[in-house]
Amino acid sequence: MPLSSYHPAPAPGPGGPASAPGQGPGGVPSHPRQGAARRRAALGLLAAASLLAAGLPEAAPLGVGDRLYPHLGNPGYDVRAYDIALTYPGRNDRPLDAVTKITARATARLERVNLDFAHGTVRSVEVNGRRAAHVTRGEDLIITPRQAVRRGTPLRIVVRHTSDPRPREGGKGGREDGWLRTKDGLVMANQVDAAHRIFPSNDHPSDKALYTFRVTAPKGLTVVAGGLPVGRYPATVRTVPDAGGKRAGHGVRQARAVPATTWVYRSAHPVATEVAQVSIGRSAVVRRTGPHGLPLRDVVPAADRARLEPWLAKTPGQLSWMEKKVGRYPFEAYGVLLAQAETGFELETQTLSLFEERLFTGGRYPRWYIEAIMVHELAHQWFGDSVSPRTWSDAWLNESHATWYEELYAHEHAKRSMDERTRRAYSVSDRLRREGGPPGAPKPPAPGNKTGIFRPVMYDGSALVLYALRAKIGHAAFDRLERAWVTRHRDGVAGTADFVALASRTSGQDLTGFFHSWLYDTKTPPMPGHPDWKSTYQTPHPPAQQPAAKPGGTQAAKPAKTRPAAAHGKPA
């Protein structure tokens, strides 16, 4: 069990001092309350053992039946709200102390409650105000309440735990999941299934909830989270110095209390776990006003604020452009978060889209391309965040639309022909389907690469579906469909069947067969209006090259969401 940065203590080695009764590690006297807590935990474990003896099935990981991620999410309850307190010790190589409070409603009788949680230490669990026994199995935290929770009744869970930003031992390429460590702090990147490596949750987009984040960090650091700020007040944080710091008895580095600030943010709309966001760092928050008085706040490295301003100033115009296409922006605020981290991807975290700073400062990409990528993540606020996928097989609905509006923006603002770029994507679409599966039924991710569903077919192949749809039903019906989709399902979840039904009603055509071919066939159907377009894929594509090595000789982790493929004539 890893030790908290708040209560450091040496683990007894072989032959080291054992704990006598009433004493902690190394013979340090235990506090009476700590002893009582241990006794309560022991009683909880005995209660769990009694339930097992009474016939309760053995604790095991569960899932909501997602085809691509079978153990993701949990049945039997609906989360209404998360209240998550995080205490950052001033260094991003130390665990954060955390308390996650979950307000839910049971949708079935529950003798056990499963939460998704991994890569942290659980100190205690309460269910409806009473201590509960808990065990971990796989990436599930399995809780046994003292009394079964009846269907339809409130469910209040409090988990006291740590949240570890360090890469998991044995993780592929030392990859960071959930927390991304930046040069000056941390940001979240939870897609697909990494939120539960930060906090206990029902980590599936089908169960959205409201969020409150209460983040305490040393003075000099700025905390920003999704939603809007609702409070800020002074606090203290106990920090542990590095190896050169003073040492107390037993070789423990002495912790000290430093002034801190607690920042509180709250969402006004439901959020899927995969697009929650918290940023901690030496950041500047740049504020301005968007369409209809919308609050805009961008979070950038403080030292780079001036040179990034020309990019930040693009957002109000991009918002106005998107609103003309699909209707009013669906949330309470927006902004971009530019992180000093090498990720290889950008991410549509709700109300605060995550980008690598080097995308804007590295000089590798042309201006039109960067602006189009900004619109890609902005479009996700409607498609993927406000309307979230019912299952991960429905993720084509997110990426097809984000890619569509990215390309349309480049077409209208940079004269990058959308027809030509779509033709190029069509020419390799059979190959993309062979490699990644058809858009509506992507191949499962490879072991150890759970975000591997984000292959080129998810972007280019899915955008082809929308291009074909607009050609079949006409531009006017397509535009009505887009607006109706984000209006009807705002703040909710929806799947492929919902989109097919709405498209059929909006166009007055039965589109069932059309969508089946475009979403599930192994070969790309003929493109309406373009009989001359061909997919030239003939032979198996050579294996993909290994990722380039990072400085220092480590392999670069495969990005969770790669930038759109060069098949569209974009820089690779």
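The values are calculated or read from the model by the stated rules, or taken from the named source; none is laboratory data. This one's a predicted model, so the numbers in the text were calculated from it and none came from an experiment. Positions of Cβ are backbone-derived with ideal geometry, glycine not excepted, and every protein chain shown enters the neighbour counts. To get the accessible areas, we keep the full protein, side chains included, count just its heavy atoms, and leave off ligands, DNA and RNA. Shrake-Rupley method; radii C 1.70, N 1.55, O 1.52, S 1.80 Å.
S535: open to solvent by less than 70 Å² (accessible area, probe 1.4 Å) and modelled with pLDDT under 95, yes or no? Don't jump to the end; show me each part of the working.
Working: open to solvent by less than 70 Å² (accessible area, probe 1.4 Å): yes; modelled with pLDDT under 95: yes.
Against the criterion (open to solvent by less than 70 Å² (accessible area, probe 1.4 Å) and modelled with pLDDT under 95), S535 qualifies.
Given the conditions (1) at pLDDT below 95; (2) under 20 Å from P389 (Cα atoms), and given that K558 satisfies all but one, which numbered condition is not satisfied? Condition (2) is where K558 drops out.
Being at pLDDT 95 or above, hydrophobic (A, V, I, L, M, F, W, C), open to solvent by less than 10 Å² (accessible area, probe 1.4 Å) and over 18 Å from the mean Cα position of the chain (by Cα) holds for only one residue in A217, A195, and it is A217. Selection of region 384-398 for residues being within 16 Å of D460 (Cα to Cα) and under 15 Å from the mean Cα position of the chain (by Cα) yields A395, N398.
Being of a type in the set (S, T, N, Q), open to solvent by 20 Å² or more (accessible area, probe 1.4 Å) and within 15 Å of A189 (Cα to Cα) is a condition met by at least one residue of region 324-345. Only residues that are open to solvent by less than 20 Å² (accessible area, probe 1.4 Å) and not in a strand (DSSP E or B) were counted in region 256-293, giving 8. Filter region 50-84 down to the residues that are open to solvent by 50 Å² or more (accessible area, probe 1.4 Å) and aliphatic (A, V, I, L, M), then identify the one that is modelled with the lowest pLDDT. Among those that are open to solvent by 50 Å² or more (accessible area, probe 1.4 Å) and aliphatic (A, V, I, L, M), it is A53.
Can you name the residue in region 220-231 that is outside any strand (DSSP E or B) and surrounded by 24 or more Cβ atoms within 10 Å (Cβ to Cβ) and is also farthest from the chain's Cα centre (by Cα) among such residues? Quick ask: steps written out before the conclusion?
Of region 220-231, the ones outside any strand (DSSP E or B) are 220-221, 226-227.
Those left that are additionally surrounded by 24 or more Cβ atoms within 10 Å (Cβ to Cβ): 226-227.
Numbers: G226: 12, G227: 15 Å.
Filtering first and then ranking leaves G227.
All told, D510 meets the bar of being assigned to a loop (DSSP other than H, G, I, E, B) and modelled with pLDDT of 95 or more.
Checking the structure you have, find out if any residue of region 376-399 is of a type in the set (D, E), out of contact with any Asp or Glu (no Cβ under 8 Å at 6 or more places or on another chain) and buried (at least 20 other Cβ atoms within 10 Å of the Cβ). Explain how you work it out, then say what you get.
Pass one, region 376-399, residues of a type in the set (D, E): 377, 385, 394, 399.
Going one step further and asking which of them are out of contact with any Asp or Glu (no Cβ under 8 Å at 6 or more places or on another chain), we end up with 394, 399.
From what's left, buried (at least 20 other Cβ atoms within 10 Å of the Cβ): 394, 399.
Yes.
Here P525 meets the list (1) at pLDDT 95 or above; (2) part of a helix (DSSP H, G or I) almost entirely, failing just condition (2).
Report yes if Q318 is open to solvent by less than 20 Å² (accessible area, probe 1.4 Å), in contact with a helix residue (DSSP H, G or I) (Cβ under 8 Å, 6 or more places away or on another chain), in a loop (DSSP other than H, G, I, E, B) and not acidic (D, E), otherwise no. In short, no.
Within region 442-468, track down each residue that is open to solvent by 30 Å² or more (accessible area, probe 1.4 Å) and either within 16 Å of F514 (Cβ to Cβ) or of a type in the set (D, E, K, R) (or both). Reasoning before the result, please.
Initial filter on region 442-468 (open to solvent by 30 Å² or more (accessible area, probe 1.4 Å)): 443-444, 446-448, 450, 455-456.
Correct list: K443, K450, R455.
Within this structure, F499 fails the test of being touching a Gly at 6+ places or on another chain (Cβ under 9 Å) and part of a helix (DSSP H, G or I).
Residue count for region 348-372, restricted to those that are in contact (Cβ under 8 Å) with a residue 60 or more places away in the chain and surrounded by fewer than 23 Cβ atoms within 10 Å (Cβ to Cβ): 4. Taken over region 431-476, residues that are part of a helix (DSSP H, G or I) and over 21 Å from D510 (Cα atoms) amount to 12. Of all residues in region 413-434, those that are surrounded by fewer than 18 Cβ atoms within 10 Å (Cβ to Cβ), in contact (Cβ under 8 Å) with a residue 60 or more places away in the chain and among the acidic types (D, E) total 1. Whether a residue is over 30 Å from R358 (Cβ atoms), of a type in the set (S, T, N, Q), in contact with a helix residue (DSSP H, G or I) (Cβ under 9 Å, 6 or more places away or on another chain) and crowded, with 21+ Cβ neighbours inside 10 Å was assessed, and T144 passes this test. With a requirement of 2 or more residues that are over 29 Å from W518 (Cα atoms), the strands (runs of 3 or more DSSP E) lying completely within region 321-423 that satisfy it span 336-339, 353-356. Once region 104-124 is narrowed to residues that are within 14 Å of F199 (Cβ to Cβ) and open to solvent by 10 Å² or more (accessible area, probe 1.4 Å), the residue that is modelled with the lowest pLDDT is H119. Checked against (1) out of contact with any Asp or Glu (no Cβ under 8 Å at 6 or more places or on another chain); (2) open to solvent by less than 10 Å² (accessible area, probe 1.4 Å), A471 passes all but condition (2).
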